[in-house]
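The values are calculated or read from the model by the stated rules, or taken from the named source; none is laboratory data. Just so you know, these numbers come straight off a predicted model, no measurement behind them. When we count neighbours, we look across all protein chains shown, and the Cβ atoms used for this are built from the backbone with ideal geometry, even at glycine. For accessibility, only protein heavy atoms count, side chains too; no ligands or nucleic acids. Shrake-Rupley method; radii C 1.70, N 1.55, O 1.52, S 1.80 Å.
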Amino acid sequence: MRKVALGVSSSISIYKACEVIRLFQSEGLGVRVIMTEKATRFIQPYLFTSLTGERTIVELFDDQQRPIEHISLVDEISLLLIAPATANIIGKLASGVADDFLSTFYLAAKCPVLVAPAMNEAMFLHPQTQENIRKLKALGVEFVEPDTGYLACGKKGPGRLASPETIVHHGLRLIKSREPFRDKVFLVTAGPTREFLDPVRFVSNPSSGKMGYELAREAWQLGAEVILVSGPTGLEAPAGVYLEKVNTAEEMREAVRKHYSRADVVLMAAAVADFRFKKTLSDKARKTEIGQTLEIEPTPDILEELGRQKQRQLLVGFAAETGRLGERAAEKMKKKKVDLMVGNDVSGPGVGFASDENEVTLFWPDGRSRKIPRMSKRKISQEIMAEIEVLLNERKGKS
Ligand code: CTP
């Protein structure tokens, strides 16, 4: 099992470290906590020992510790994360002071190092702190920018520890990043589109956008640059991902076109509405004026257009069906020149639209298929990325 060393220093936001541990564990990673002496004034080490199942390290010289543990632990970990990181620990790391376990361990660590600062706004913005951060960045240390908001001191400004989700998301990129994804641009579409009749009425579909957002998150963690073109959803874009919001199929088409030439991989996970009204009214129509019949026309098929203009791009399509999945997915794959089709039967309960889980079958142009049993959309996105990695490697082998 891969392991993260979590350095915890003395900030009021220390309680968020518990959630950081839980999130890493839910990704299948072990966590070993290292506390500074002053952090133990806020929380007893035993809390972290209970959460991780491993003894929390505080002292550099401790009878219960293996001799030179700061050296032996180095070989066990894939990431050193310091969250929360105070101005003091950042200053110590920047100047090479090694007077406790955490600062000594930093000098011995060979893995990537990620620092999530948490402090008062004035301390964070102080030129000395900023200079320390610049120095560490120049040495390859990565930072999770603190949030701006209300701080424990009652002031508002930058310095609040980033959310545990954002911290872990950055940490996972440093652990999981893989060569075939680095320097690659992934263009992902997600969510439904809305086709308006007037400013208050539209046709759409029940897509929540979850699958597309999970794919964007995963691609970023694997090391790619990710552009997410999203229809209206209630979701927050994963940190690091460039988000472009759209409403209609036409807007999605424009946004996708704009980025297509830079894209290496396109994942068309959006549920684009198939029809729009022939006439869109700029003012709200009274229902008595609308009448019995509304004229509709098809929306542009974005994926089909991408297929026609395809150069080096790898195209991944999605087909949500309520029967004859293999046959329909194969038809669409051919028509839209797709390199991998993700088909799912949305007639079953608890899968597909708006659900947290999905059950999909992958189809390839050479007739191969692979069924992925019911699992979370996060896990499904990992399975899809594993297949994309195979395709990217195949292409690299040919070029
Ligand atoms: N798609 C698209 N533009 C559209 C409709 C669909 O780019 N106007 C994309 C979807 O994002 C998906 C794939 O095409 O990746 C298949 O979408 P789907 O709705 O299953 O297929 P359609 O071609 O619309 O066919 P039908 O609705 O008749 O099944």
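For V113, what is the net charge nearby, where nearby means another residue's Cβ is under 14 Å from its Cβ and Lys, Arg count +1, Asp, Glu -1? Present the calculation step by step, with values, prior to reporting the outcome.
Values: positive: K92, K110, K135, K137, R173; negative: E142.
Result for the local shell: +4.
About the Cα centre of the chain, what is the dipole size in debye to 20, counting +1 per Lys and Arg Cβ and -1 per Asp and Glu Cβ, all else neutral? Show your work: numbers first, answer last.
Numbers: 57 positive and 52 negative charges, 148 e Å.
Rounded to the nearest 20 debye, it is 720 debye.
In a solvent-free Debye calculation with one equal scatterer on each Cα, what is log10 I(q)/I(0) for the stretch 251-300 at q = 0.21, 0.26, 0.27, 0.31 Å⁻¹, listed in the order of the q values?
Reported log10 I(q)/I(0), two decimals: -0.88, -1.08, -1.12, -1.24.
Applying the Karplus parametrisation 6.51 cos²θ - 1.76 cosθ + 1.60 with θ = phi - 60° to the phi angles of the stretch 22-38, what ³J(HN,Hα) value in whole Hz is obtained for each residue in order, glycine and proline being reported as x?
Coupling constants for the stretch 22-38: 4, 5, 5, 4, 5, 9, x, 10, x, 10, 10, 9, 10, 9, 7, 3, 5 Hz.
Using DSSP, restrict attention to beta bridges with both residues in the stretch 178-398 and report what percent are antiparallel, rounded to the nearest 5.
Numbers: 16 of 41 bridges.
Antiparallel bridges: around 40 percent, rounded to the nearest 5.
Quick check for you: with a 1.4 Å probe and neighbouring chains kept, what is the accessible area per residue of the stretch 3-175, in Å²?
Working: 7810 Å² over 173 residues.
On a per-residue basis, 45 Å².
Find out how many positive minus negative residues lie around T148, taking Lys and Arg as positive, Asp and Glu as negative, among other residues whose Cβ is under 12 Å from that of T148. Walk me through the numbers before you get to the answer.
Working: positive: K155, K156, R160; negative: E121, E145, D147.
Residues near T148 contribute 0 overall.
For the chain, take every pair of Cα atoms, bin their distances at 20 Å starting from 0, and report each bin as a whole percent.
25, 46, 26, 3, 0
Report the accessible area of S282, computed with a 1.4 Å probe over the heavy atoms of all protein chains in place, in Å² rounded to the nearest 10.
100 Å²
Per the 1.4 Å probe, what fraction of the accessible area of the stretch 3-175, in percent, lies on carbon and sulfur atoms?
Details: 4240 of 7810 Å².
The value for the stretch 3-175 is 54 percent carbon and sulfur by accessible area.
Return the long-range amide H neighbours of A320 (sequence gap of 5 or more, or a different chain), with a cut-off of under 5 Å between placed amide H atoms.
N344
Among DSSP bridges having both ends in the chain, what percentage is antiparallel? Round to the nearest 5. Please list the in-between numbers first.
On the way: 20 of 63 bridges.
Among the beta bridges of the chain, antiparallel pairing accounts for roughly 30 percent.
Once Lys and Arg get +1 and Asp and Glu get -1 on their Cβ, which of F101, V4, I167 lies farthest toward the positive end of the dipole of the chain?
Selected residue: I167.
With a 1.4 Å probe and all protein chains in place, put Y260, Y242 in order of accessible area, largest first. Don't skip to the end; give the middle numbers.
Details: Y260 15, Y242 120 Å².
From most exposed to least exposed: Y242, Y260.
So which trypsin sites (Lys or Arg not before Pro) in the stretch 83-191 are both in a DSSP loop and have at most 15 other Cβ atoms within 10 Å of their Cβ? Can you show the working numbers first?
On the way: sites: K92, K110, R134, K135, K137, K155, K156, R160, R173, K176, R178, R182, K184; in loops: K110, K155, R178, R182, K184.
Here the sparse-neighbourhood loop sites are K110, K155, R178, R182.
Determine the alpha carbon to alpha carbon distance for each of K184/K210; K110/K184; K38/K155; K110/K156 and list only those over 28 Å. It would help to have the intermediate numbers written out before the result.
Details: K184/K210 22 Å; K110/K184 26 Å; K38/K155 23 Å; K110/K156 37 Å.
Checking Cα-Cα distances, K110/K156 exceed 28 Å.
In the chain, if the dipole is taken from +1 on Lys/Arg beta carbons and -1 on Asp/Glu beta carbons about the Cα centre, which of G28, S347, M252 is farthest to the positive end?
The Cα lying farthest towards the positive end belongs to M252.
F143's amide H: which non-local residues (gap 5+, or another chain) put their own amide H closer than 5 Å, with H modeled 1.01 Å from N in plane and none for Pro or chain starts?
It is V115, by chain and number.
Taking K287 as the anchor, which lysines have their alpha carbon closer than 30 Å to its alpha carbon, excluding any fewer than eight residues away along the same chain?
K245, K278, K279
Order Y46, Y106, most accessible first, counting only protein heavy atoms with a 1.4 angstrom probe. Can you show the working numbers first?
Details: Y46 165, Y106 30 Å².
The most accessible residue leads, giving Y46, Y106.
Given a 1.4 angstrom probe, what's the average accessible area per residue across the stretch 178-398, in square angstrom?
Working: 11120 Å² over 221 residues.
Dividing the accessible area of the stretch 178-398 by its residue count gives 50 Å².
How long is the stretch 218-288 along each principal axis, judged by its Cα atoms, biggest number first, in Å?
54, 26, 17
Taking the Cβ of R178 as the center, what net charge do the other residues with Cβ under 13 Å away carry, scoring Lys and Arg +1 and Asp and Glu -1? Kindly include the intermediate steps, with their values, before the conclusion.
Working: positive: R173, K176, R182, K184, K396; negative: E179, D183, E218, E389.
That works out to +1.
If one computes the Cα centroid of the stretch 220-245 and of the stretch 1-55, what distance in Å separates the two points?
Cα centroid of the stretch 220-245 versus Cα centroid of the stretch 1-55: 29 Å apart.
When we measure straight from the Cα of K284, which aspartates and glutamates land under 19 angstrom away, once same-chain ones fewer than 8 places off are left out?
Of all the aspartates and glutamates, those that pass the test against K284 - Cα under 19 Å, at least 8 places apart if same chain - are E195, D198, E295.
Roll a 1.4 angstrom probe over the protein heavy atoms and tell me the percent of accessible area of the stretch 199-294 that is carbon or sulfur. All intermediate terms of the calculation are to be shown ahead of the outcome.
Numbers: 2410 of 4970 Å².
After summing per-atom areas, the C and S share lands at 49 percent.
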